[in-house]
Amino acid sequence: MLVVCGLAGCKRNVGTPEDNAVKTNEETKEEKKADEEEEAVKEEGHLLGFTAVDMENPYYVTLEASTRQVVEEAGCRMITKNPASDAKLQAQQIEEMIEEGVEVIFLAPVNWEEITPSLEALKQANIKIINIDTQVKESAYVDAYIGSDNKKAGYICGEDLIEKCPEGGKIAILESPSQNSVNERMTGFEEAIAKAEKGFEVVAREDTGGKLERALEAVQQILKDHEDIKAIMCGNDQMAVAAKTAANLTGRADILIYGVDGSPDIKKELKKPDSQVAGTAAQSPINMGQKAAQTAIKIIEGETYEKEVYEDVFLINRDNVEMYGADGWQ
């Protein structure tokens, strides 16, 4: 009895403010406000994420804007992050979006091989992956792919080159092996020129990472090393702008330059009778973004959807550029 009483004596008085703290009116208001804010966030709709190679590239800016428009019209929200052509930064930003609670992610990888650990992390988090524009290598992780027929894009540029340069000649290629979309364009281009009656010889090829600055430096050096180059095939329109600038700086007005995208900048060049730009295989980031967003909404709502969607491409050159205008994307 003495022991029990002694133990009882060690306990604080129950029922005091120490043991049963009474919330003040201010604390109650703060908790209520936090609950209301949390509910408001939930009511704003599903959260989606967007990460594409480089948001300084006007092509990806247009792709993101088109995607966002459909997402927000459906009552959802979208977080966009800019990896700025840095594969490690993209991986870090994907981890951030996983923590932020995205349900679906739109993904154009900086590096189609190095993105695999991020794909694994997204799958472990049960986040749906919509691969856009340029493929990931491990496509089994992907729930849907929305992109262009990139092989055809390169092929039609090659066909146009054969028509404009029937005698063949030396050519240079600006590529970006980390992006499979560019790899496919170059495959299509080289398949096309291989069919020419008079041969074409690739005397230089440079990995410029799809970046304008690197392409500018590369082409300046190529033109110094090879004065008899007839044409330059570029993996995208940013590289083509760089090639055109380098040709101007080195006084080469006779070169034929091809790009892929159908950007307003290149279409403006095609309107100039003396521009070295000969053509661009046009994509439609507007259509691509819309279809990617529509696919995401179907996934969220449990509806059936197409696993692969390939947007057609077409050549814009000096003969037909007026049909498409130079003020925006098609």
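The values are calculated or read from the model by the stated rules, or taken from the named source; none is laboratory data. The shown structure was predicted, so the numbers you read here are calculated from the model rather than taken from an experiment. Here the Cβ is made from the backbone with ideal geometry for all residues, glycine too, and neighbour counts use every protein chain on show.
A few notes on this one:
- First in the range 313-330 and crowded, with 16+ Cβ neighbours inside 10 Å, second anywhere and in a loop (DSSP other than H, G, I, E, B) and of a type in the set (D, E, K, R), Cβ under 7 Å, 6 or more apart: V313/D149; V321/K271; A326/K271
- Residue identified as of a type in the set (D, E, K, R) and under 16 Å from A326 (Cβ atoms) among K244, K298: K244
- Some residue of the range 220-233 being within 22 Å of I156 (Cα to Cα), part of a loop (DSSP other than H, G, I, E, B), touching a strand residue (DSSP E or B) at 6+ places or on another chain (Cβ under 9 Å) and of a type in the set (G, A, S): no
- Test result for L89, free of Cβ contacts under 8 Å to residues at least 24 places away in the same chain and part of a helix (DSSP H, G or I): yes
- Single unsatisfied condition, D86 versus (1) out of contact with any helix residue (DSSP H, G or I) (no Cβ under 8 Å at 6 or more places or on another chain); (2) modelled with pLDDT of 85 or more; (3) over 30 Å from I266 (Cβ atoms); (4) not small (G, A, S): (3)
- Filtered residues of the range 94-131 (kept if among the polar types (S, T, N, Q), within 15 Å of V142 (Cβ to Cβ) and buried (at least 20 other Cβ atoms within 10 Å of the Cβ)): S118, N131
- Sole residue being β-branched (V, I, T) and surrounded by fewer than 17 Cβ atoms within 10 Å (Cβ to Cβ), chosen from T280, T245: T245
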